[in-house]
């Protein structure tokens, strides 16, 4: 299992041809208290860099972009019911959606943990 | 208003205190201001409603209008040339909400006016303060000396524990009622204190000499019930209280009648009153009092969980049709634990309970026209 990161502060956990996607702890700190999450529909085919989900704090709405292309296999309905999970467990329970990786070569442009740490330092 | 560089931004006398307490500083109306502290917007909001919050609002403009005749009634009558409010009727030691209007009946700024016995004390919005001062000089210099009180800070102490927190330093605080205002000693400092604010909560605004602001705020924050609160929670608190934000819910294109601020225009300035009209835009505004306005500012409650934010177009119908209005303020109300918004609708759709639709990310979300304030106010009348 590999975890990769985007410069937009998303994480991807890669297991076979499935990627689980969420936002990083750094991102949730920047957003503040999350009060609303909108997730993509299961079965939707996302193109890389397309707006896939929305996360809103008291003050502002932010898009979550698809870091890679692929079909949405599963979404985390717990987030819709309890948006504050994003603040309490961004890297774990607060995953957003799972995607079937359409093109593994798209993973090449992503960062590993050390590179992401440097990016947010 | 966005400065290109933080170094172009002005700082309030409490800047160092904000940094020391972990304030996240952002540009706002030409100032570097704390949008939140480490507690975060949600906790700051809820803390203000449950206990007490302290806000730095020193970016706002403070002005004194001193009558050249020595009679405060002359300053009051002069100011009535620029606002549709009864200023002459503000008793000494009292304060009133007002608006500067333009010739089209629009609102140039909204402000608080207090009668300090021998002069009037005004608090105006930060983004408008230079224009407001010029406006006052242009139109009132015959009757008044206009002093910009730029050497004073302004803080707001709001919430159910505000009275106890302030009374430790100002014995008179507890006996003040909503909209009482005047010079008071707070600790060792010569302040102007009013029992008013912008949160819907009981509370006070305190004008203090800039050099003493940090000492005063430090003492008030020694009370464990008082936390510093940023602009983020200030906005969500005032939105839940149904209070207008200038430049968003009211501006030069909205009249006081369209903005549902009729309550702020006293009978004495309306047709048949003691001093009717005589302010910019009176024809239009007084006509709207008689015949109604084509549109109205309303409260809007979302039926789902998605916040509907400023700028979202409003529709009468879930599918077709042209936009009939737009959201002017909107977000999440932490005390309601639900989205809240305000916006303008044609008068035919402005009745409480009417369903309209806001377009958010391509979807039309149902909203119900709702009474404001969304959260009952707790003013000490």
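Can you give the mean number of other chain Cβ atoms that lie within 10 Å of the Cβ atoms in peptide B:32-44?
For peptide B:32-44, the averaged partner shielding equals 3.
When every alpha-carbon pair in the range B:121-167 is counted, what percent end up more than 11 Å apart?
Percent of Cα pairs beyond 11 Å in the range B:121-167: 75.
May I ask for log10 I(q)/I(0) of the range B:267-341 at q = 0.28 Å⁻¹, from a Debye sum over the Cα atoms as equal point scatterers with solvent left out?
-1.26
Quick one, can you get me the convex hull of the C-alpha atoms of the range A:23-102 expressed as volume per residue in Å³?
Normalising the Cα hull of the range A:23-102 by residue number yields 77 Å³.
Order B:131-144, B:98-111, B:197-210 from most to least packed using the mean count of other Cβ atoms within 10 Å.
So the peptides B:131-144, B:98-111, B:197-210, ranked by packing, come out B:197-210, B:98-111, B:131-144.
May I ask you to sort A:97, B:178, B:116 by Cβ crowding, counting other Cβ atoms within 10 Å and putting the fewest first?
B:178, B:116, A:97
With springs only between Cα atoms under 10 Å, which of B:350, B:233, B:215 fluctuates most in a Gaussian network model of chain B?
B:215
What is the ratio of the Cα radius of gyration of the range B:137-230 to 2.2 N^0.38 Å, where N is its residue count, to two decimals?
That ratio works out to 1.17.
How many partner chain Cβ atoms sit within 10 Å of a residue's Cβ in peptide A:53-62, on average, as a whole number?
If you average over the peptide's residues, the count of other-chain Cβ atoms is 6.
Hey, in the GNM for chain B with a 10 angstrom Cα cutoff, which one of B:127, B:52, B:371 fluctuates hardest?
B:371
Could you give me D for the protein assembly as shown, from Stokes-Einstein at 25 °C and 0.890 mPa s, where the hydrodynamic radius is the Kirkwood radius over C-alpha pairs? Units µm² s⁻¹, please.
Taking Rh from Cα pairs, D becomes 99 µm²/s.
Give the average, rounded to an integer, of partner chain Cβ atoms located within 10 angstrom of each Cβ in B:299-311.
Per residue, the average neighbour count from other chains is 2.
When the helix-only estimate is applied to the protein assembly as shown (DSSP H runs of n ≥ 4, each -39,500 (n - 2.57), divided by the residue count), what is the mean residue ellipticity at 222 nm, nearest 500 deg cm²/dmol?
Dividing the helical sum by the residues of the protein assembly as shown leaves -5500 deg cm²/dmol.
Using only alpha carbons, build the gyration tensor for the range A:78-118 and give me the equivalent ellipsoid semi-axes, biggest first, whole Å.
For the range A:78-118, the semi-axes come out at 25, 17, 5 Å.
Two decimals, Cα atoms only, Kirkwood Rh: what is Rg/Rh over the range B:222-381?
1.02
Can you tell me the mean projection area, over all orientations, of the convex hull of the range B:193-302's alpha carbons? Units nm², please.
10.3
Highest mean first, how do B:184-190, B:158-164 rank when packing is the count of other Cβ atoms within 10 Å averaged over residues?
The packing order, highest mean first, is B:158-164, B:184-190.
Show log10 I(q)/I(0) for the range B:87-139 at q = 0.14, 0.18, 0.28 Å⁻¹, two decimals, from a solvent-free Debye sum over equal Cα scatterers.
Calculated log10 I(q)/I(0) at the listed q: -0.38, -0.62, -1.15.
Under Stokes-Einstein, with the Kirkwood radius over Cα pairs standing in for Rh, what whole-number D in µm²/s applies to chain B at 20 °C and 1.002 mPa s?
It comes out at roughly 100 µm²/s.
Sort B:68-75, B:251-258 by the packing proxy (mean of other Cβ within 10 Å over each peptide's residues), most packed first.
B:251-258, B:68-75
Read-outs: derived from the displayed coordinates by stated rules, not from any lab. Being a predicted model, the structure only gives us computed values, none of them experimental. We place every Cβ from the backbone using ideal geometry, glycine too, and count neighbours over all the protein chains shown.
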